[in-house]
Every structure is written in C-alpha cells, then in structure tokens.
1. In this structure, does THR285 turn out to be among the β-branched types (Val, Ile, Thr) and in contact with a strand residue (DSSP E or B) (Cβ under 8 Å, 6 or more places away or on another chain)?
2. Scan segment 109-131 for residues that are of a type in the set (A, V, I, L, M, F, W, C) and in a helix (DSSP H, G or I) and jot them down.
3. Filter segment 268-312 down to the residues that are free of Cβ contacts under 8 Å to residues at least 12 places away in the same chain and touching a Gly at 6+ places or on another chain (Cβ under 9 Å), then identify the one that is farthest from PRO200 (Cα to Cα).
4. Going by what's in this entry, would GLU204 be described as within 15 Å of the ligand (Cβ to nearest atom), without any contact (Cβ under 8 Å) to a residue 60 or more places away in the chain, under 30 Å from ARG296 (Cα atoms) and part of a helix (DSSP H, G or I)?
5. Find the residue count for segment 277-325, including only residues that are under 24 Å from VAL250 (Cβ atoms), outside any loop (DSSP other than H, G, I, E, B) and more than 16 Å from the ligand (Cβ to nearest atom).
6. If the Cβ limit is 6 Å and pairs must be 6+ apart or interchain, which residue in segment 326-340 that is within 16 Å of the ligand (Cβ to nearest atom) pairs with which residue that is outside any loop (DSSP other than H, G, I, E, B) and not basic (Lys, Arg)?
7. Can you find a residue that is within 16 Å of the ligand (Cβ to nearest atom), more than 25 Å from ILE98 (Cβ to Cβ) and more than 21 Å from the chain's Cα centre (by Cα) anywhere in segment 160-179?
8. Can you name the residue in segment 132-159 that is charged (D, E, K, R) and either assigned to a helix (DSSP H, G or I) or surrounded by fewer than 22 Cβ atoms within 10 Å (Cβ to Cβ) (or both) and is also nearest to the chain's Cα centre (by Cα) among such residues?
Amino acid sequence: MPHDAILPTDLVRLAELDSAWGERGAGARLEAVRRAGRRLRDRILSRGPVRCVRTADIATFPYPTRYGLQGVASVPVPYVFLRNRMHLVQVAAGGRTITVLVNPTDAARSRRAPFFARMEERYGKLAAKLLSATYAPIENALRGWGVSPEAVDYVTFDHLHVQDVRGLLAPAAPGGRAFLPNARLLAQRAELETLAQLHPLQAEWYIPDCLAGVPADRIVALDGDYALGGGFAIVRTPGHTGGNHSLVVVTDRGAWTISENGVCVDAYAPGTSEIRGLARHARDTGVEVILNANTREGSLDQYTSMVLEKTIADGVPDRPELPQHFSSSEMVSHPLAPGLSPTFTHGELTYGSVETEARPDPTRATA
Ligand SMILES: [Zn+2]
C-alpha cells in the first residue's frame, strides 16, 4: 500500500493516549482511555480555536435501523435516514492558513459500495433514487465558500467505508491534474492496511480500488493522534473500523468531535433519548453509548472510542448532558421513519471567517 514516508511538518504527534490504548483488558482500557482523554482534551484546547469551520450537506440515504441504533430502538421501522455532511476547516499553522476538507464524500461513487449497490439491486434504481437525496457537489460548496480547489491542503475521512477519493485526488488522465491538485489524504495506517486486503466481513462497506491512481505522495499514513494547527486534531477511535479516527474541531463553543461511531446525539446520551427503547436500554444495561453497529469490527473498542469522544467534546450550551459530537452521517427526521427522529440535531458547524486567499505553501507542494 503506497503511503508517504515523510510526515508533513504541519502535523504534531500527540502521545497522551498511547499507553492507554495498550491496556490489555477491555474494561481497564476503557478507564485508561477516559483518564488520558481528559489530558488530550486539555492539550487540544490549549492550542486555541480553528480559524473557521463550515458545513455542507452531501447526501441523505436510508440505512438499516438495526445498524444505526444497534438494534435497541423498539420502533418497527426498518430504515433510518442519515445525512452525510462535509466540513471545511481552516487552521493557522506556521504563519499560514491550512485548509482541510473533512469527509468530502463523493456521493455518486459511494453508491458503488457493495452494500448500497445490493440495496439498489433489491429495490430498483428508481426506488433507491427516490429514497436518497444528493445536494450540491463538492466543487459547488467550495465555490460558495470562495475557496479554490488548489487551496485545499488536506482531505480526511473519519474512516474509509463507502469512500472513493479518485475524483478528488487521482489525475483525471495520465499526467493530468487532480481536482484537488495540492491536497493529500490523511488516513490511519491501519485503515490503509485494511484496504490493501479486505476481510470478507469488511468487504461489504469498502470500495476496494478507491485509491487507485492516487499518487503515493498524496497519501499520508498516520499512526495515532495528531494536532494540525490550532484547534484541529485527528484522534484515533478504533472499533467501527480498525483505522477509524475522529476529528476534533475547537470553536468559541469549545471542542467538537466528528465521526460515524454513533449516528446522532442520542447515541452519546441514550439516557435522555426520546427514541423509544434507547433510554430503557441505557437504564437496564448501564451503557453510556449506543454503537453504529453495521460492522462490529471491534465493538468494545468502539464503545471506548465513543466514551473518548464524549470526554473530549464540550456539552451543548444549555443542554450540557448532550455532547457536541457531530455525526458525519447524522440521523435526520424523515416521513418514512416515524418514531426515529433524533432528540437533538447539530445540523451544521459554523465559526469564524473563511480565508478565501489561502494557498498551499509553494515550498511544500510537490510535483
Ligand atoms: Zn462506517
């Protein structure tokens, strides 16, 4: 698997959680991660806020309720509806502005992931089309923010399920330019290793050739947790996938976490959920979170990862019991999913002013 051997100097390795994840017993690991997570949170917050963050809707799609809410919702509706969103994040680092796209899902290519392709086969193209909605493409969102494709330094996804980055990072023709000609993919090495040879239980969710044609120096393999400028961090959150990570964004409202470990705030505060079955499940079993459970690559670690997200994220102003966790595929109310509306939605993440003149550092951009 190709990867960049030289880590960009923009990235600062954060070691606070290294020994915690090495704890062998799952219960001991949970408590060690919770403790170390408080130190990591302080470290990230001490670097100040990002320059700006913006949100764009990408697509809404049906998703099995038993996956999204771990089978604990007592609502007889087979599908919830999730909405993918992308974030633009700009941070200050080394006297310049770094521009990052978080979860820029290519909706058209995503549909070729085996799970969605089979769903289309089962219900027909038209039904699949009627059930799903796609919003403005990534280039329109960038144009709307006044950010040129050349200005994007990095793209990152919380994990690579259903992602296909060829439209962003692979040249359209041999020797040509990619849509984001200066951007590099930040992915955990474990996620890249997963893709290199998929296990049968992983195959349903990945697009195996999603990196084909992307030059090796456009892929940065990460090992653990990193700060990128002020107010942005990449924090490993294994479990949903082996190489899963969460993005941390600091605004005037404190820290936010972004991932698909849970599909709505209810998943992070099930005791206060208004979705039938969740609060009762939390009460009966004592769990703190409800997993997005489509893969169960490592459920115990996914639980621990969600507790880590809750530890890092601040609470919603006036609703401190609800963490500022932004689900990258957030459950939304839908007429075909009665009883499955989230108790609270974040919807968007907006802070600061977009720097429209941001350009990549010419000394860093490689040919
Ligand atoms: Zn996933």
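Nothing in this text is a laboratory measurement; each read-out follows from the coordinates by a stated rule. If you're wondering where the values come from, they're calculated on a predicted model, not measured in any experiment. For neighbour counting, all protein chains shown are included, and Cβ atoms are generated from backbone atoms with ideal geometry for every residue, glycine included.
1. Considered against the rule, which asks whether it is among the β-branched types (Val, Ile, Thr) and in contact with a strand residue (DSSP E or B) (Cβ under 8 Å, 6 or more places away or on another chain), THR285 comes out as no.
2. Passing the criteria: PHE115, PHE116, ALA117, MET119, LEU126, ALA127, ALA128, LEU130, LEU131.
3. Step by step, filter segment 268-312, then rank; the result is ALA279.
4. no
5. Here the count works out to 13.
6. What qualifies is PHE326/TRP256; PHE326/ILE258; SER328/ILE258; SER329/LEU82; SER329/ASN84; MET331/VAL80; MET331/LEU82.
7. no
8. Filtering first and then ranking leaves GLU139.
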